[in-house]
Structure formats: structure tokens, C-alpha cells
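Report on one structure; see the data block that follows.
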Amino acid sequence: GAVVSQHPSWVICKSGTSVKIECRSLDFQATTMFWYRQFPKQSLMLMATSNEGSKATYEQGVEKDKFLINHASLTLSTLTVTSAHPEDSSFYICSASPWDSGYTFGSGTRLTVV
Amino acid sequence: QKEVEQDPGPLSVPEGAIVSLNCTYSNSAFQYFMWYRQYSRKGPELLMYTYSSGNKEDGRFTAQVDKSSKYISLFIRDSQPSDSATYLCAMSLNNAGNMLTFGGGTRLMVKP
């Protein structure tokens, strides 16, 4: 089946630094990828839609200058959390969809900002 | 009112029981329906993917979609302790390139 690889699985960074999270579709091409954020015991909240070769579309309330998304190829999208603060600590998950097969999710990245 | 409603549980059942998980939704334009299982600190895992109304079976899992009632279900037969997880329903307008709308998730506990 379709596989989406997400890296790193967990990261700890100091407040004020930036962190990059990678999302790769391993066996299919993904024109569109999605980035979600999940707080403990809550459902997934869509942050942005990443489009290959064009600007990402951000959901209302998500700061595009803080959460930089780059979708440079059909198999790779990156999310960079810039100038991270403790309130950015969360579980970040990406997803993509091979045609007509449902949406596959990465394993998630747990970000802790100290 | 949320676009997709799902009872948060927790739902506790004995091992071997049949589990019924449900979601209701308000947008009649949804065409594709999915069920995901999510273990703690892991990404969601796709269990079932269905288009429009009808039933779909895969091993111990059966998904039902009733578009006329805007109601979807996931049944788990012969439940196992390893099925203990949070189950998320999700739906979309089309089958790729379109965002998913999730239910809030139901936490299931299967006791040995």
C-alpha cells in the first residue's frame, strides 16, 4: 500500500530556533499534501494544504510566516516551524493521497520547544 | 454544530465483543468516507475507504455508509486488546487533492 514517510519522529529544540519536518511519499507522486496539528486527546486540525510548485494554502488562524511550507517535488513537502516557542509544542502529521485509495498519513512528529 | 459528529467515548468492551462505532455528518456533498485507527503518539492508519453508500468488508472490519441518513459506521468483530486505540472517521468531497473533515475520534478499550 501507499506509504508516507515523515521525519523526524520527535524533536526537541530551544525557544527561538527553527525546526524542519519532512514528509515524503515513497511509492507514489503527490501533487497535494496536507499538514495537520494534533493536541493531546483531540482530533487532527488541518493547518495547510501543500501544493507542488505553488504556494501553500493556509487555514484560517494559521500564521504562514511562522509555519513555512515548501513542496518542491512530487514526493517531498517540508514544514518549517520558525522561531519556535513553547506553545508550538505539538504533534504534527502530514498526509497525501494516491489516486482513489484514501489518504495515507505519516507517522507524525512530536515537537517539544523548551 | 460540528460538521462531523463522533461520540468521544471511551468505549470499553470485553475481548471478543462486536464493536460499533458511528459518525453523523451534515454536508450531503461528502462522497468518500474513511475510518482511521490511531494509537497514542502515532499517525492515523487507514482501515477502511468507501465511496458513496453501501457496505465494505475487510477481515474483521465492516464499514457502512448511509448517505440518505448522513450516517456511517464501523463494525469490529471478535475485538482484540490490540484494537484498543482511537478511531477517527473522516470524509471528503473527492478522492484526492481535497481536504479531509474528521470526527473528533472515539477512544476504544478492549479488555482481556
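Looking for something surrounded by 17 or more Cβ atoms within 10 Å (Cβ to Cβ), closer than 19 Å to B:Arg41 by Cβ and not basic (Lys, Arg) - is there at least one such residue anywhere in the range A:56-77?
No, the conditions are met nowhere in the range A:56-77.
Rundown of residues vs (1) open to solvent by 60 Å² or more (accessible area, probe 1.4 Å); (2) modelled with pLDDT under 95, yes/no style:
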{"position": "B:Glu3", "(1), (2)": "yes, yes"}
{"position": "B:Arg41", "(1), (2)": "yes, yes"}
{"position": "B:Leu46", "(1), (2)": "no, yes"}
{"position": "B:Ala85", "(1), (2)": "no, no"}
{"position": "B:Ala96", "(1), (2)": "no, yes"}
{"position": "B:Met99", "(1), (2)": "yes, yes"}
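Hey, does the range A:27-49 have a residue that's at pLDDT below 95, over 24 Å from B:Thr101 (Cβ atoms) and more than 14 Å from chain B (Cβ to nearest Cβ)?
Yes, that holds for at least one residue.
Within the range A:27-54, count every residue that is loosely packed, with under 13 Cβ neighbours inside 10 Å and of a type in the set (Lys, Arg).
Number of matching residues: 1.
Results for (1) among the hydroxyl-bearing types (Ser, Thr, Tyr); (2) closer than 26 Å to B:Ser40 by Cα, shown as yes or no for each residue.
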site	(1), (2)
A:Ser5	yes, yes
A:Lys20	no, yes
A:Ser50	yes, yes
A:Gly61	no, no
A:Phe67	no, yes
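From (1) of a type in the set (S, T, N, Q); (2) farther than 22 Å from A:Val3 by Cβ; (3) in contact (Cβ under 8 Å) with a residue 12 or more places away in the chain, pick out the condition that doesn't hold for B:Gln38.
The failed condition is (2).
Among the residues of the range A:33-83, what is the count of those that are touching a residue at least 60 places away in the same chain (Cβ under 8 Å) and farther than 17 Å from B:Ala90 by Cα?
The total comes to 4.
Which one is nearest to the other protein chains (Cβ to nearest Cβ), of the residues in the range B:18-35 that are surrounded by 15 or more Cβ atoms within 10 Å (Cβ to Cβ) and under 17 Å from B:Val110 (Cβ atoms)? Break it down stepwise before answering.
The initial filter retains those residues of the range B:18-35 that are surrounded by 15 or more Cβ atoms within 10 Å (Cβ to Cβ), namely B:19, B:21-25, B:30-35.
Remaining after also requiring under 17 Å from B:Val110 (Cβ atoms): B:19, B:21, B:35.
Working: B:Val19: 19, B:Leu21: 14, B:Trp35: 10 Å.
Looking at the filtered set, the residue picked out is B:Trp35.
Testing A:Gly108 on (1) open to solvent by 10 Å² or more (accessible area, probe 1.4 Å); (2) modelled with pLDDT of 95 or more; (3) of a type outside the set (A, V, I, L, M, F, W, C), one condition comes back false. Which one is that?
(1)
Would you point out the residue of the range B:75-96, among those that are away from every other protein chain (no Cβ under 14 Å) and not acidic (Asp, Glu), that is nearest to B:Gly9 (Cα to Cα)? Full working, then the answer.
Taking the range B:75-96 as the starting set, the residues that turn out to be away from every other protein chain (no Cβ under 14 Å) are B:75-84.
Restricting the remaining residues to those that are not acidic (Asp, Glu) gives B:75-77, B:79-82, B:84.
Numbers: B:Phe75: 15, B:Ile76: 16, B:Arg77: 18, B:Ser79: 16, B:Gln80: 18, B:Pro81: 16, B:Ser82: 17, B:Ser84: 12 Å.
Among them, the one singled out is B:Ser84.
Here are B:Gly104, B:Gly59: which of them is open to solvent by less than 60 Å² (accessible area, probe 1.4 Å) and in contact (Cβ under 8 Å) with a residue 24 or more places away in the chain? Don't jump to the end; show me each part of the working.
Values: B:Gly59 fails: in contact (Cβ under 8 Å) with a residue 24 or more places away in the chain.
That would be B:Gly104, the only listed residue that is open to solvent by less than 60 Å² (accessible area, probe 1.4 Å) and in contact (Cβ under 8 Å) with a residue 24 or more places away in the chain.
I'd like the residue in the range A:2-26 that is at the interface with chain B (Cβ under 9 Å from one of its Cβ atoms) and open to solvent by less than 60 Å² (accessible area, probe 1.4 Å) and, out of all such residues, is modelled with the highest pLDDT.
In this case the residue turns out to be A:Gln6.
The values are calculated or read from the model by the stated rules, or taken from the named source; none is laboratory data. Values in this document were obtained by computation on a predicted structure and should not be read as measured data. Neighbour counts run over all protein chains shown; Cβ positions are idealised from the backbone, glycine included. To get the accessible areas, we keep the full protein, side chains included, count just its heavy atoms, and leave off ligands, DNA and RNA. Shrake-Rupley method; radii C 1.70, N 1.55, O 1.52, S 1.80 Å.
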